[in-house]
């Protein structure tokens, strides 16, 4: 069994949603077809794919169901973390009621895959970012608490091998430590994946490689050219 990761699928299969992604450049042309082709070629039913946020452009769950069904029909278990555009994200009870058994949502919790605990939260802008505000401070602190809850649940269940997941980058553009990086270090996490960044200039500003003993990988769909990244 293998574990893959990708983020920022930006699906929009509902007839009510008009969000053509090719306006953002060549990397987004036919991105759903290319993603499906790579996915089916790489992923087996026993594998797990982490999807680190910005899954659907839908505003309501009833419209996101089209995108969740499309994902559910692809091979493997899917582990989903909320992104800033996932406004359709409802309570876990409501989410579980509309998806199949191979779809798993992380919120103050974790998912076990092949001996690994997959933990995470949406994350947020980090202190020191040029756009960081008092309102961001409130959300940032809440997301740090959610990440701690997720990591704690895995540790209490006896897991030592943990994969961390965020939608937002784990640091500001200066690559300073944050509450997120400190938690990953505290809990002995060795590998973290995240998304949110798009375009070559943004890619350069994201944390990559080893940082205080933790390996960080950017997994935005356009960065990976629509090809899920095998991380285990």
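What is the projected area of the convex hull of the Cα atoms of the chain, averaged over all directions, in nm²?
Working: hull surface 47.3 nm².
Mean projected area of the Cα convex hull: 11.8 nm².
Using the beta-carbon distance between residue 153 and residue 230 and R0 = 25 Å, what value does 1/(1 + (r/R0)^6) give for FRET efficiency, to the nearest 0.05?
Values: r = 26 Å, r/R0 = 1.02.
Calculated transfer efficiency: 0.45.
Please work out, to two decimal places, the log10 of the ratio I(q)/I(0) at q = 0.29 Å⁻¹ from a Debye calculation in which every Cα of the range 27-83 carries one identical scatterer.
-1.34
Given Cα positions, please report Rg to Rh for the range 170-232, the hydrodynamic radius being the Kirkwood one.
Working: Rg = 11.8 Å, Rh = 12.3 Å.
Rg/Rh for the range 170-232 comes to 0.96.
Give me the tail of P(r) for the range 22-124 as a percent: Cα-Cα pairs with distance above 21 Å. Intermediate results must be reported in sequence, preceding the final value.
On the way: 1887 of 5253 pairs.
Beyond 21 Å sits 36 percent of the P(r) for the range 22-124.
Given only helices, namely DSSP H runs of n ≥ 4 each adding -39500 (n - 2.57), what is the per-residue ellipticity at 222 nm of the chain, to the nearest 500 deg cm²/dmol?
Values: 6 runs with 67 residues, N = 232.
Value at 222 nm, helices only: -9000 deg cm²/dmol.
Each value in this text was obtained by applying a stated rule to the coordinates, not by laboratory testing. Owing to the predicted nature of the structure, the values given are computational and were not obtained by experimental measurement. Here the Cβ is made from the backbone with ideal geometry for all residues, glycine too, and neighbour counts use every protein chain on show.
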